[in-house]
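Peer 1: Pasting a structure here, questions to come.
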Amino acid sequence: MRVQTRIPKRAAAFVLRNRVWIISVGGLLAAGGLFLGTGIAMQSQAKDMMPPGTPAVREFERIEDAFGSTATVVVAVEGPSDHTMIQVAERIAGAAAQDPVVASGSRPITVEIDRDFVREWGLLLQPAEDLRPLVDRYRRTDLLSFIRGMNDSFEGEYLSGDGQEKLDSDREADEAVDIMTTVEHFVIDLREYLQSPAPTTATSLGRSLADTFTLGESYTFDPEHRMLLFSVAPTFPIEELDRATEFVQSLRAITNEAALSYPGTTVYLAGDMVQTVDEQEALSADLLIPGLLAVGLIFVLFLFSFRQVRSMLFALVTLIAGICIEIGIIALSLGELNLLTSSFAVVLIGLGIDFGIHIVSNYTDYRSEGKDSAAALAATYRKAGVAVIIGGVTTSIAFFVLMVSSNRAITQFGLVAGTGILTVLISMLVLLPALVTTFESKAPTIHPRRPVLSYGFLPKIGQAVVRRRWMVLGLAAAVTAMLAFQVPKLTFIYNALKIGPQDAPSITAQNRIVEVFALSPYPSLALVDSIDQARSLSDRLSDHRLTAEVSSIADLVAPAEEQRERLQIIGEMRSEGRRYADLTWDADQVEEFAYEVQRLEWNLIEIADLSVAGLGEGNRIQKKRDRMVREIIGAEVGEPGDEVFQKLIAAVQAPEAQTAEALNQLDAVFAPRMSENISDLVAVDRPIGVADIPDSLRRDLVAQDGSGFLVTSYPTDAVDREDLVVRYVEEVTAIDSRITGTLPISIAMSVNTLAEAQSASLYALAAIAVILLLTFRSLRYALLSLVSLAVGIVWLFGLAPVLGVSVDLVSMMVLPLIIGIGTAFSVHLIERYRVEGDIETALRYSGKAILLSALTTIIGFGSLAFAGSMAAAVSLGMLLVLGVGAGLVVTVTVLPPLLSLESKPTAFRQDSASQAVLEYTTPSEDGKENRA
Amino acid sequence: MKEMKRRTPSRRVTIAVATVLLLLAANATGEEAQEILREVDSRQPTGASRIELTMAVYRDAGDEAATREFRVQSYSNGDASTYMEFLEPRSIRGMRILSNDEASWVFFPSTGRVRKIAGESQGQSVQGVGGDFSYEDLGGGKLAEDYSARLLSDDGPTWRIEGTPVKADSSYKRLILTIQKHGYRLESIEYYTDSGHTKTLTLENYETADGYPTAMQMTMTNHSEGSKTVVQNHSVVYRAEVSDQYFNPRRFYR
């Protein structure tokens, strides 16, 4: 007996003899795989997928070592007023302190800024040039002197000298809007007080105004006070995922309860820990929902394509069992999934079902011929088994080649996908026949009630394209050339943060914070050795046009010489005696006060006008002015605004108002409180050192052992744009190679993955070329297969930009897969052509298999495109749909005319293995076998 | 020592002669360069002018989206006084700026007030609306008077001339001017400071206005800031009739 007959026969006998064992062991392995799968860790952080020696990763790990956990949860509160937002924030902090999960997992939450520190050291933190004007301004603390001084200050700072130069960056715009908001609150509060003056209001307002103008805000608001921010610092690393999930869930429950208690408020949770938890949920959802959708759709496809649906159901069961076994293999080998490997289930569904189609189709056909189970299974192994094995092994090699990469994520993806395909392949060859032969119906269904598609249009297409081959080839060349010009427009998403779940709560929160604060939530970080280094780096980063905010120890500890100069100026302030007289307001002073309010309005209008020079039309300062006052179009007035100044002037000048008396009451509290605060502020008489900084501030700036200092630089929201984020990272890392953070790591990973994926694809292509040569033993056919593959890839990457599909570090990984699938399509058709001698017949027998394989793959990956929650999964799905679709169209329309260019196909070798490759049978309409 | 001993008297004479020749050659190229600058100056318009222009300031030269644009009617009296009135953007339509050697005055139509701005240093942007053009860049002086020139090359259709500022208060260390031989038109100016090549001005789309070749588009690329400013001239009138009122700090806003 010949080998090619003996082995399939023995294999069939083995399966039939042990089918109960096979099913039992298969079931146990699948159940065990699922059980082991519960222990698989999800690594969604970019740094966990990078080569360990990568500078950005190395520096990040240094920071983690020096500062402990770098995880942060940002809490953002939006509400109708400052007061409400503060109440919500305090409520959250109070509830968190009582919650066992949150309290035990984080440092004590501080919502309010440490005002004692500001009172003690606040003036010493101001640059000398900002302190000098205060010598005069702090000389008199009564309300009239104060507002006059404020006007002098605006005119000196913004409206004379080189003032305009101060309003040409986002940071300076924020500072100006912040001042305008403070003025707005001052003017509104004052008006409300004057409209109904009461001694108690005078006391509270006088104090709060004096505190705000001397000590600053107590809470972290955005410049327009739309949002209040505070942070929660977990004491454990993000890698403890179960704990992180429980922590975030507890915090979410607290914040939801607080928001519900105060109508009109919204509380957001953002930050790396919340995002990681959300990504876990999205990864799990992308494993389940699109997978189920794909299985359902593939079942519907089979229902209308095969008479024996029961057997196809077994193919689906086998596929699921194979995936479960692979989950166990992943648990035992890697123990983790990452952004790339998490999509393995869908990859296996798309590819694995093809193996089942071949096995089931052949087996049911042979059974319908009247062969018994053993003979039918042996024939199936002989005619289709080898083809399936070659197809599976070819694709798995394409994936295993990825393991040569130095990128950990790609290596893991190669291992998971490669072993996964082999696992599903073995399942389809062993478990599926065991299931089919055990549970098959006694009489095959010849004429089912439902309509069954014959796919007879495929040979007609073949006939048509061959008849008009030159026209078709010309058209294909034109389309290929046209799409080739589109390929350079393909965009690669370097920012790995953009490929996560885009509708997750943490992303919504992050987007809202970015919108309100106009800065990116992903800071660049650098650990430096000294305060001088921190200062130097802070200065250089501050100068970068895409930097919104920089913080470091240098903000608090100035150089000794600078501190001496500041202390000298502060000393001048200290020598002043009493800062206020017992002022009695009269009509003249009220009139002067009204004039100063008018002057305040003029100054803010002109500051906003000048801001257009440096910040352009419609900048934040201008918008704030238009809301506070009115829209201004040159000398004309546009949309009405709040007219806060004119309303105050009206209240001051109202004939029935007792303005002088009310201002007397207010000033009796305001002036002494200002004086008292100033006295506290000017009491500082020695330089500040690291030891003077409270722990709440120091823990974010100084390493736990005091050996290093952290420089934190927040980029502007402009880096949200893909074209700017790469340049930003390149430029800041050029400033200092120690700079790391989420963005630098993310970009480094994308750059690395892109390079690795390109070289891995070339390796896969080379491996496949060798396999093609070995399989065909013909350079011509190997080249034809590669040409049709190349055309398909050009179509894919040309269509992608036209349809708005971009590539990212995850979806780039589909290239080896598309190469594998595209090659399999052409191999099936070429081999069948060599047997049949004409395209029409070849397509009649192989067309349905190719089409169904393509459709199942498109459904498998299309489910990701339409139901995936991760942006990367959606992109991956779209690319595969396009890639496999392009491969199918090229195989059916372009390859036949190319094959028909030779008069007769090269004589088919009577090689059993290659014969098996091309044998694919499909029953004719009358249920009889259609086979060459 | 060995090196010195090997130098024979005749060799020393050769070196001395060569040095003198080189110096003479350098002087010759300096004279030629200075003459070229004089020729360029002679082709520049004098007297009052009226120009309507658009200035587009790109904070990031590589980011065409991040721009701010101004349309300005500008008058010059041929001396150091310049008057600008903003036509666009609409929010500052009618804002006027008068600048002379001493100071600048800004008229705000929104409040009706005039504010005097202190004198600017040479290196600063023109009232913030100049983008990457500083007062010195827009200064109306003569090239041949303000810079001592040295010819760097005269290959092809252009000359490359190095200009070293004569005035001590210049913010630049040197300039490299590229001048078209045909018509003595300025093609570009590279600006160098102590920190290197900081800016490049490119002059394009030459048209003849009142008999003077005029670059209708000027692009100043700021290499140190990564920004650029593009000035597009829409209408240029030289030897224009311009009222003195525009250059009077007490009347320019009326």
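No value in this document is a laboratory result; all are computed from the given coordinates. Predicted, not measured: the structure shown is a model, and the values here were computed from it. Ideal geometry is used to build each Cβ from the backbone, glycine not excepted, and the neighbour counts take in all protein chains shown.
Peer 1: So who's got an amide H within less than 5 Å of the one on residue B:214, skipping anything under 5 residues away but keeping other chains? H placed 1.01 Å off N, in plane.
Peer 2: For residue B:214, whose amide H was placed from the backbone, the distant partners under 5 Å are B:207, B:208, B:209.
Peer 1: In debye, nearest 20: dipole of the protein assembly as shown around its Cα centre with unit charges on the Cβ of K, R (+) and D, E (-)? Don't skip to the answer; put the middle values down first.
Peer 2: Numbers: 107 positive and 145 negative charges, 1635 e Å.
Roughly 7860 debye, rounded to the nearest 20.
Peer 1: Can you tell me how much longer the chain between residue A:261 and residue A:866 gets when fully stretched, taken as 0.36 nm per residue apart minus their C-alpha distance, in nm with one decimal?
Peer 2: Gain in length upon complete extension: 214.1 nm.
Peer 1: Measure nothing fancy, just the Cα-based angle from helix A:839-867's long axis to the longest principal axis of chain A, in degrees from 0 to 90, nearest 10.
Peer 2: 20 degrees
Peer 1: Just add up the charged neighbours of residue A:712: K/R +1, D/E -1, any other residue whose Cβ is under 12 Å from the Cβ of residue A:712. Intermediate values should be presented prior to the final figure.
Peer 2: Details: positive: none; negative: A:549, A:555, A:700.
So the surrounding residues net to -3.
Peer 1: Give me a single rounded figure for A:597-609: the average over its residues of other chain Cβ atoms within 10 Å of their Cβ.
Peer 2: Details: counts 0, 1, 2, 0, 1, 5, 3, 1, 4, 7, 0, 3, 9.
Across the residues of A:597-609, the mean count of other-chain Cβ atoms within 10 Å is 3.
Peer 1: Among A:377, A:241, A:488, whose Cα sits farthest toward the positive end of the charge dipole of the protein assembly as shown (+1 at Cβ of Lys/Arg, -1 at Cβ of Asp/Glu, about the Cα centre)?
Peer 2: A:377
Peer 1: In what order do B:234, B:182 fall by count of nearby beta-carbon atoms within 10 Å, going from fewest to most?
Peer 2: B:182, B:234
Peer 1: While we're here: Subtracting the Cα-Cα distance from 0.36 nm times the residue separation, let me have the gained length for residue A:637 to residue A:249 in nm, one decimal. Before the final figure, lay out each step's value.
Peer 2: Details: separation 388, 0.36 × 388 = 139.68 nm, distance 5.06 nm.
Gain on stretching residue A:637 to residue A:249: 134.6 nm.
Peer 1: Moving on to the next point. Inside 10 Å of the C-beta atoms of B:87-96, what's the mean count of C-beta atoms belonging to other chains?
Peer 2: Details: counts 1, 1, 7, 6, 15, 11, 5, 4, 7, 0.
If you average over the peptide's residues, the count of other-chain Cβ atoms is 6.
Peer 1: Also, quick follow-up: Residue farthest toward the positive end of the dipole of chain A, with Cβ of Lys/Arg at +1 and Asp/Glu at -1: which of A:887, A:173, A:122?
Peer 2: A:887
Peer 1: How crowded by other chains is A:610-623, given as the mean number of beta carbons from other chains within 10 Å of each beta carbon? Could the numbers behind the result be given before it?
Peer 2: On the way: counts 9, 3, 9, 15, 8, 3, 8, 8, 3, 2, 0, 0, 3, 0.
Going residue by residue through A:610-623 and averaging, the value is 5.
Peer 1: For region A:658-775, restrict the atom set to alpha-carbon positions and state the Rg and Dmax in Å.
Peer 2: 29.5, 102
Peer 1: Do any GluC sites (Glu not before Pro) in region B:157-228 lie in a loop, going by DSSP, with at most 16 other beta-carbon atoms within 10 Å of their beta carbon, and if so which?
Peer 2: The qualifying sites are B:225.
Peer 1: With an 8 Å cut-off on Cα pairs and a minimum separation of 6 or more residues, tell me the relative contact order of region A:756-843 in percent.
Peer 2: Numbers: 41 pairs, mean separation 33.1, N = 88.
Rounded, it is 38 percent for region A:756-843.
Peer 1: For A:469, A:382, what ranking results if the residue with the fewest other Cβ atoms within 10 Å of its Cβ goes first?
Peer 2: Result, fewest neighbours first: A:469, A:382.
Peer 1: Report the normalised scattering of region A:390-541 as log10 I(q)/I(0) at q = 0.17, 0.21 Å⁻¹, calculated by the Debye formula with identical scatterers on the alpha carbons.
Peer 2: The Cα Debye sum returns log10 ratios of -1.17, -1.21.
Peer 1: Distance in nm between label sites at residue B:254 and residue A:83, each 7 Å beyond Cα in the beta-carbon direction?
Peer 2: Going from the residue B:254 label point to the residue A:83 one covers 5.3 nm.
Peer 1: Would you please give the residues with an amide H less than 5 Å from that of residue B:198, counting only those at least 5 places away or on a separate chain, with H modeled from the backbone geometry?
Peer 2: Under 5 Å from the amide H of residue B:198: B:191, B:192, B:193.
Peer 1: Each residue of region A:268-278 in turn: what ³J(HN,Hα) in whole Hz from Karplus with 6.51, -1.76, 1.60 and θ = phi - 60°, glycine and Pro shown as x?
Peer 2: Karplus-based 3J(HN,Hα) across region A:268-278 equals 10, 10, 9, x, 4, 5, 5, 5, 4, 4, 5 Hz.
Peer 1: Go through B:142/B:173; B:142/B:167; B:116/B:142; A:9/A:848 and tell me which ones have a Cα-Cα distance over 19 Å in this structure. Kindly include the intermediate steps, with their values, before the conclusion.
Peer 2: On the way: B:142/B:173 17 Å; B:142/B:167 12 Å; B:116/B:142 28 Å; A:9/A:848 27 Å.
In this structure, B:116/B:142; A:9/A:848 lie more than 19 Å apart at Cα.
Peer 1: Looking at A:765, A:641, A:900, which one has the Cα that reaches farthest to the positive end of the dipole of the protein assembly as shown (charges on Cβ: Lys, Arg +1; Asp, Glu -1)?
Peer 2: Selected residue: A:900.
Peer 1: Please work out the Kirkwood hydrodynamic radius for the protein assembly as shown, using every pair of different C-alpha atoms, and report it in angstroms with one decimal place.
Peer 2: 36.1 Å is the Kirkwood radius here.
Peer 1: Something else about it: By count of other Cβ within 10 Å, fewest leading, how are A:470, A:585 ordered?
Peer 2: Starting with the residue having the fewest Cβ neighbours, the order is A:470, A:585.
Peer 1: Here is a further query. To the nearest 0.05, how large is the calculated FRET efficiency for residue A:653 and residue A:130 if R₀ is 35 Å and r is the Cβ-Cβ distance?
Peer 2: 0.55
Peer 1: Further, regarding this structure: Mind giving me the nanometre distance, one decimal, between the label points for residue A:404 and residue A:627, set 7 Å out from Cα along Cα→Cβ?
Peer 2: 5.8 nm
Peer 1: At a Förster distance of 22 Å, what's the computed FRET efficiency of residue B:181 paired with residue B:38, Cβ-Cβ distance as r, to 0.05?
Peer 2: My answer for the efficiency is 0.90.
Peer 1: Would you work out the charge dipole size for region A:607-655 about its Cα centre, treating the Cβ of every Lys and Arg as +1 and the Cβ of every Asp and Glu as -1, and quote it to the nearest 20 debye?
Peer 2: Dipole size: approximately 240 debye.
Peer 1: I've got another one for you. Separation between the residue A:578 and residue A:457 pseudo-spin-labels, each 7 Å from Cα along Cα→Cβ, expressed in nm?
Peer 2: Distance between the two pseudo-spin positions: 9.8 nm.
Peer 1: What whole number of Å gives the distance from the Cα centroid of region A:355-390 to the Cα centroid of region A:700-731?
Peer 2: After rounding, the separation between the Cα centres reads 61 Å.
Peer 1: How high is the FRET efficiency between residue B:245 and residue A:489 when r is their beta carbon distance and R₀ equals 60 Å, given to the nearest 0.05?
Peer 2: Between residue B:245 and residue A:489 the formula returns 0.65.
Peer 1: Over region A:766-915, what is the relative contact order in percent, taking alpha-carbon pairs closer than 8 angstrom and at least six residues apart?
Peer 2: 33 percent
Peer 1: Distance between Cα centroids, region A:239-259 to region B:188-235: provide it in whole Å.
Peer 2: Cα centroid to Cα centroid, the span is 57 Å.
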